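Working notes for the structure below.
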Number of protein chains: 2
Amino acid sequence: MDAKKQALYEARARIIKAMAHPSRLFIVEELSRGEKCVCELTEMIGADVSTVSKHLSVLRSAGIISDDRRGAQVYYTLRVPCVLNFFGCVESVLKTTAKEQLQLLKKT
Amino acid sequence: MDAKKQALYEARARIIKAMAHPSRLFIVEELSRGEKCVCELTEMIGADVSTVSKHLSVLRSAGIISDDRRGAQVYYTLRVPCVLNFFGCVESVLKTTAKEQLQLLKKT
DNA sequence: AAAATATTTGGCTATTTTGCCAAATGAACA
DNA sequence: TGTTCATTTGGCAAAATAGCCAAATATTTT
(Lines give C-alpha, C1' and ligand atoms only; values in the text may rest on other atoms or scores of the structure.)
Protein backbone atom coordinates (compact mmCIF):
# COMPACT_ATOMS: atom_id res chain seq x y z
CA MET A 1 0.00 0.00 0.00
CA ASP A 2 1.69 3.20 -1.18
CA ALA A 3 1.81 6.41 0.84
CA LYS A 4 -1.02 8.06 -1.09
CA LYS A 5 -3.42 5.19 -0.57
CA GLN A 6 -2.33 4.98 3.04
CA ALA A 7 -3.17 8.65 3.55
CA LEU A 8 -6.59 8.20 1.97
CA TYR A 9 -7.50 5.34 4.29
CA GLU A 10 -6.17 7.25 7.26
CA ALA A 11 -8.39 10.21 6.41
CA ARG A 12 -11.39 7.93 6.12
CA ALA A 13 -10.55 6.16 9.35
CA ARG A 14 -10.37 9.48 11.19
CA ILE A 15 -14.01 10.15 10.30
CA ILE A 16 -15.22 6.71 11.29
CA LYS A 17 -13.15 6.74 14.45
CA ALA A 18 -14.81 9.98 15.44
CA MET A 19 -18.15 8.14 15.51
CA ALA A 20 -16.80 5.06 17.27
CA HIS A 21 -17.97 5.81 20.77
CA PRO A 22 -21.36 5.28 22.46
CA SER A 23 -21.74 8.87 23.63
CA ARG A 24 -20.68 10.26 20.28
CA LEU A 25 -23.17 8.04 18.44
CA PHE A 26 -25.81 9.28 20.82
CA ILE A 27 -24.85 12.88 20.13
CA VAL A 28 -25.04 12.36 16.38
CA GLU A 29 -28.47 10.79 16.59
CA GLU A 30 -29.70 13.47 18.94
CA LEU A 31 -28.45 16.28 16.72
CA SER A 32 -30.28 14.74 13.80
CA ARG A 33 -33.47 15.91 15.50
CA GLY A 34 -32.16 19.46 15.62
CA GLU A 35 -29.48 21.55 17.26
CA LYS A 36 -28.66 21.18 20.92
CA CYS A 37 -26.42 23.06 23.30
CA VAL A 38 -23.68 21.44 25.36
CA CYS A 39 -25.67 21.66 28.56
CA GLU A 40 -28.65 19.80 27.06
CA LEU A 41 -26.45 17.00 25.71
CA THR A 42 -24.56 16.79 28.99
CA GLU A 43 -27.83 16.45 30.86
CA MET A 44 -28.97 13.61 28.58
CA ILE A 45 -25.68 11.74 28.60
CA GLY A 46 -25.03 12.09 32.28
CA ALA A 47 -21.25 12.51 32.17
CA ASP A 48 -19.04 15.40 33.20
CA VAL A 49 -19.48 18.54 31.05
CA SER A 50 -15.80 18.49 30.20
CA THR A 51 -16.10 14.95 28.93
CA VAL A 52 -19.04 15.83 26.71
CA SER A 53 -17.26 18.93 25.48
CA LYS A 54 -14.31 16.79 24.42
CA HIS A 55 -16.57 14.34 22.61
CA LEU A 56 -18.09 17.28 20.75
CA SER A 57 -14.64 18.50 19.88
CA VAL A 58 -13.76 15.12 18.38
CA LEU A 59 -16.87 15.19 16.18
CA ARG A 60 -16.26 18.78 15.17
CA SER A 61 -12.62 18.19 14.26
CA ALA A 62 -13.76 15.34 12.05
CA GLY A 63 -16.17 17.69 10.29
CA ILE A 64 -19.27 15.79 11.34
CA ILE A 65 -20.88 18.53 13.41
CA SER A 66 -20.49 22.27 13.60
CA ASP A 67 -20.78 24.71 16.46
CA ASP A 68 -22.48 28.05 16.79
CA ARG A 69 -22.04 30.21 19.83
CA ARG A 70 -25.16 32.18 20.75
CA GLY A 71 -24.67 34.11 23.93
CA ALA A 72 -23.34 31.99 26.71
CA GLN A 73 -24.35 28.76 25.00
CA VAL A 74 -22.79 26.87 22.15
CA TYR A 75 -25.20 25.06 19.87
CA TYR A 76 -24.13 22.05 17.85
CA THR A 77 -25.62 20.91 14.55
CA LEU A 78 -25.22 17.81 12.41
CA ARG A 79 -23.36 18.95 9.35
CA VAL A 80 -23.47 15.75 7.30
CA PRO A 81 -26.77 13.94 7.79
CA CYS A 82 -25.72 10.93 5.75
CA VAL A 83 -23.91 9.57 8.78
CA LEU A 84 -27.36 8.62 10.00
CA ASN A 85 -27.39 5.92 7.36
CA PHE A 86 -24.72 4.17 9.40
CA PHE A 87 -27.29 3.25 12.00
CA GLY A 88 -29.43 1.18 9.66
CA CYS A 89 -26.46 -0.82 8.52
CA VAL A 90 -25.10 -1.25 12.03
CA GLU A 91 -28.50 -2.55 13.03
CA SER A 92 -28.41 -5.08 10.23
CA VAL A 93 -24.97 -6.27 11.30
CA LEU A 94 -26.34 -6.81 14.79
CA LYS A 95 -29.38 -8.59 13.39
CA THR A 96 -27.36 -10.84 11.10
CA THR A 97 -25.11 -11.82 13.98
CA ALA A 98 -28.06 -12.52 16.23
CA LYS A 99 -29.67 -14.74 13.58
CA GLU A 100 -26.47 -16.73 13.20
CA GLN A 101 -26.25 -17.21 16.94
CA LEU A 102 -29.78 -18.56 16.85
CA GLN A 103 -28.92 -21.00 14.08
CA LEU A 104 -26.00 -22.30 16.11
CA LEU A 105 -28.24 -22.87 19.10
CA LYS A 106 -30.84 -24.73 17.05
CA LYS A 107 -28.24 -27.27 16.00
CA THR A 108 -27.71 -28.30 19.62
CA MET B 1 -29.24 7.73 29.69
CA ASP B 2 -30.57 4.51 31.24
CA ALA B 3 -28.72 1.19 31.19
CA LYS B 4 -30.75 -0.23 28.29
CA LYS B 5 -30.06 2.72 26.03
CA GLN B 6 -26.45 2.68 27.13
CA ALA B 7 -26.14 -0.97 26.11
CA LEU B 8 -27.68 -0.27 22.72
CA TYR B 9 -25.22 2.49 21.93
CA GLU B 10 -22.35 0.36 23.15
CA ALA B 11 -23.34 -2.43 20.81
CA ARG B 12 -23.53 0.00 17.92
CA ALA B 13 -20.20 1.56 18.83
CA ARG B 14 -18.56 -1.88 18.86
CA ILE B 15 -19.44 -2.34 15.20
CA ILE B 16 -18.31 1.10 14.13
CA LYS B 17 -15.14 0.80 16.19
CA ALA B 18 -14.33 -2.39 14.35
CA MET B 19 -14.19 -0.40 11.11
CA ALA B 20 -12.28 2.53 12.62
CA HIS B 21 -8.81 1.69 11.35
CA PRO B 22 -7.12 2.34 8.00
CA SER B 23 -6.13 -1.28 7.43
CA ARG B 24 -9.52 -2.55 8.41
CA LEU B 25 -11.27 -0.13 6.08
CA PHE B 26 -8.97 -1.32 3.35
CA ILE B 27 -9.82 -4.93 4.11
CA VAL B 28 -13.54 -4.24 3.99
CA GLU B 29 -13.28 -2.49 0.66
CA GLU B 30 -11.05 -5.20 -0.74
CA LEU B 31 -13.39 -7.96 0.37
CA SER B 32 -16.25 -6.20 -1.35
CA ARG B 33 -14.63 -7.27 -4.62
CA GLY B 34 -14.67 -10.88 -3.50
CA GLU B 35 -13.12 -13.19 -0.95
CA LYS B 36 -9.43 -13.03 -0.13
CA CYS B 37 -7.10 -15.14 1.96
CA VAL B 38 -4.97 -13.79 4.77
CA CYS B 39 -1.79 -14.01 2.74
CA GLU B 40 -3.22 -11.94 -0.10
CA LEU B 41 -4.42 -9.22 2.25
CA THR B 42 -1.13 -9.26 4.12
CA GLU B 43 0.75 -8.79 0.87
CA MET B 44 -1.42 -5.82 -0.09
CA ILE B 45 -1.31 -4.13 3.29
CA GLY B 46 2.35 -4.68 3.90
CA ALA B 47 2.24 -5.31 7.64
CA ASP B 48 3.14 -8.37 9.67
CA VAL B 49 0.85 -11.38 9.08
CA SER B 50 0.02 -11.50 12.75
CA THR B 51 -1.08 -7.89 12.66
CA VAL B 52 -3.36 -8.50 9.70
CA SER B 53 -4.73 -11.62 11.32
CA LYS B 54 -5.65 -9.61 14.39
CA HIS B 55 -7.37 -6.97 12.28
CA LEU B 56 -9.37 -9.71 10.62
CA SER B 57 -10.26 -11.08 14.00
CA VAL B 58 -11.60 -7.69 15.07
CA LEU B 59 -13.82 -7.50 11.98
CA ARG B 60 -14.99 -11.07 12.41
CA SER B 61 -15.85 -10.62 16.08
CA ALA B 62 -17.94 -7.63 15.10
CA GLY B 63 -19.81 -9.78 12.60
CA ILE B 64 -18.71 -7.76 9.59
CA ILE B 65 -16.77 -10.49 7.83
CA SER B 66 -16.75 -14.25 8.00
CA ASP B 67 -13.99 -16.79 7.57
CA ASP B 68 -13.83 -20.05 5.67
CA ARG B 69 -10.86 -22.35 6.00
CA ARG B 70 -10.05 -24.18 2.76
CA GLY B 71 -6.96 -26.28 3.11
CA ALA B 72 -4.08 -24.35 4.52
CA GLN B 73 -5.64 -21.01 3.70
CA VAL B 74 -8.41 -19.08 5.40
CA TYR B 75 -10.63 -17.04 3.11
CA TYR B 76 -12.51 -14.04 4.35
CA THR B 77 -15.76 -12.64 2.97
CA LEU B 78 -17.75 -9.49 3.53
CA ARG B 79 -20.85 -10.59 5.36
CA VAL B 80 -22.76 -7.31 5.45
CA PRO B 81 -22.22 -5.35 2.23
CA CYS B 82 -24.12 -2.31 3.46
CA VAL B 83 -21.01 -1.19 5.32
CA LEU B 84 -19.75 -0.11 1.90
CA ASN B 85 -22.27 2.72 2.04
CA PHE B 86 -20.12 4.18 4.78
CA PHE B 87 -17.49 5.10 2.23
CA GLY B 88 -19.73 7.36 0.22
CA CYS B 89 -20.76 9.29 3.29
CA VAL B 90 -17.22 9.48 4.61
CA GLU B 91 -16.18 10.89 1.28
CA SER B 92 -18.85 13.54 1.49
CA VAL B 93 -17.70 14.53 4.98
CA LEU B 94 -14.19 14.96 3.60
CA LYS B 95 -15.52 16.94 0.66
CA THR B 96 -17.68 19.21 2.80
CA THR B 97 -14.73 19.93 5.07
CA ALA B 98 -12.48 20.65 2.11
CA LYS B 99 -15.01 23.07 0.63
CA GLU B 100 -15.26 24.90 3.91
CA GLN B 101 -11.50 25.21 4.11
CA LEU B 102 -11.54 26.69 0.65
CA GLN B 103 -14.17 29.26 1.64
CA LEU B 104 -12.05 30.32 4.58
CA LEU B 105 -9.06 30.80 2.31
CA LYS B 106 -11.05 32.88 -0.18
CA LYS B 107 -11.93 35.37 2.52
CA THR B 108 -8.23 36.12 3.04
C1' DA C 1 -16.60 45.57 38.24
C1' DA C 2 -18.00 41.41 40.58
C1' DA C 3 -20.85 37.33 40.39
C1' DA C 4 -23.07 33.75 37.97
C1' DT C 5 -23.59 30.60 34.08
C1' DA C 6 -21.81 27.97 29.98
C1' DT C 7 -18.05 25.98 27.80
C1' DT C 8 -13.29 24.72 26.89
C1' DT C 9 -8.63 23.43 28.13
C1' DG C 10 -4.79 21.34 30.91
C1' DG C 11 -3.36 17.72 33.43
C1' DC C 12 -3.49 13.35 35.33
C1' DT C 13 -4.40 8.27 35.61
C1' DA C 14 -6.54 4.17 33.96
C1' DT C 15 -7.72 1.58 30.08
C1' DT C 16 -7.55 0.22 25.35
C1' DT C 17 -5.40 -0.29 20.99
C1' DT C 18 -1.66 -1.23 17.90
C1' DG C 19 2.03 -3.80 15.94
C1' DC C 20 5.87 -6.51 16.21
C1' DC C 21 8.25 -10.95 17.49
C1' DA C 22 8.19 -15.59 18.93
C1' DA C 23 5.72 -19.62 19.64
C1' DA C 24 1.71 -22.61 18.82
C1' DT C 25 -1.65 -24.68 15.74
C1' DG C 26 -3.62 -26.52 11.30
C1' DA C 27 -3.13 -28.59 6.94
C1' DA C 28 -0.69 -30.35 2.86
C1' DC C 29 3.05 -32.92 1.17
C1' DA C 30 7.62 -35.28 0.58
C1' DT D 1 6.72 -39.06 10.08
C1' DG D 2 9.08 -34.92 9.49
C1' DT D 3 8.93 -30.65 6.76
C1' DT D 4 6.89 -26.77 4.89
C1' DC D 5 3.42 -23.25 4.33
C1' DA D 6 -0.61 -20.51 6.25
C1' DT D 7 -2.69 -18.70 10.12
C1' DT D 8 -3.54 -17.69 14.95
C1' DT D 9 -2.26 -16.72 19.68
C1' DG D 10 0.55 -14.92 23.66
C1' DG D 11 3.19 -11.45 25.25
C1' DC D 12 5.15 -7.14 25.44
C1' DA D 13 6.07 -2.01 24.82
C1' DA D 14 4.53 2.18 22.67
C1' DA D 15 0.85 5.03 21.53
C1' DA D 16 -3.87 6.60 21.66
C1' DT D 17 -8.26 7.19 24.15
C1' DA D 18 -11.47 8.15 28.00
C1' DG D 19 -13.07 10.52 31.88
C1' DC D 20 -12.62 13.13 35.87
C1' DC D 21 -11.16 17.39 38.45
C1' DA D 22 -9.44 21.93 38.53
C1' DA D 23 -8.50 26.03 36.22
C1' DA D 24 -9.15 29.20 32.35
C1' DT D 25 -12.19 31.64 29.11
C1' DA D 26 -16.50 33.72 27.33
C1' DT D 27 -20.86 35.88 28.12
C1' DT D 28 -24.56 37.75 30.63
C1' DT D 29 -26.40 39.76 34.74
C1' DT D 30 -26.38 42.39 38.96
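Miscellaneous remarks
- Average beta carbon contacts from partner chains per residue of A:76-84, 10 Å cutoff: 3
- Candidate lysines - alpha carbon under 16 Å from B:Lys99, same-chain residues fewer than 8 apart omitted: B:Lys107
- Two-site FRET efficiency, B:Lys106 against B:Glu35, from Cβ-Cβ distance with R₀ of 41 Å, rounded to 0.05: 0.30
- Between 0 and 90°, nearest 10: helix A:49-61 axis offset from chain A longest Cα axis: 80
- Of A:Lys36/B:Lys5; A:Lys54/B:Lys5; B:Lys36/B:Lys95, those spanning more than 23 Å from alpha-carbon to alpha-carbon: B:Lys36/B:Lys95
- Relative contact order [Cα under 8 Å, 6+ residues apart], the stretch B:3-80, whole percent: 33
- The stretch A:1-71 and the stretch B:1-58 have Cα centres separated by 21 Å.
- Mean residue ellipticity (222 nm) of the protein assembly as shown, computed from DSSP H runs ≥ 4 via -39,500 (n - 2.57), nearest 500: -21000 deg cm²/dmol
- Per-residue average of Cβ from other chains inside 10 Å of A:21-28: 5
- Taken about its Cα centre, the protein assembly as shown carries a charge dipole of about 140 debye when Lys and Arg each add +1 at the Cβ and Asp and Glu each add -1 at the Cβ.
- Chain A: angle of helix A:3-19 to the longest principal axis, Cα-based, in degrees nearest 10: 80
- Fully extending the segment from A:Lys99 to A:Phe87, taken as 0.36 nm per residue of separation minus the present Cα-Cα distance, adds 2.5 nm.
- Dipole orientation for the stretch B:3-80: of the candidates B:Tyr9, B:Ser66, B:His21, B:Tyr9 has the Cα lying most toward the positive pole (charges on Cβ; Lys, Arg +1; Asp, Glu -1).
- Whole-angstrom Cα spans of the stretch A:3-81 along principal axes, big to small: 44, 23, 21
- Per-residue mean of foreign Cβ neighbours for B:60-72 is 2 (Cβ atoms of other chains, 10 Å radius).
- Ligands, DNA and RNA are left out, and with a 1.4 angstrom probe the accessible area of chain A is 55 Å² per residue.
The values are calculated or read from the model by the stated rules, or taken from the named source; none is laboratory data. Here the structure is a predicted model, which means the values were calculated and not measured. Reconstructed Cβ throughout: ideal geometry from the backbone, glycine too, with neighbour counts over all protein chains shown. Side chains included, ligands, DNA and RNA excluded: accessible areas come from the protein's heavy atoms. Shrake-Rupley method; radii C 1.70, N 1.55, O 1.52, S 1.80 Å.
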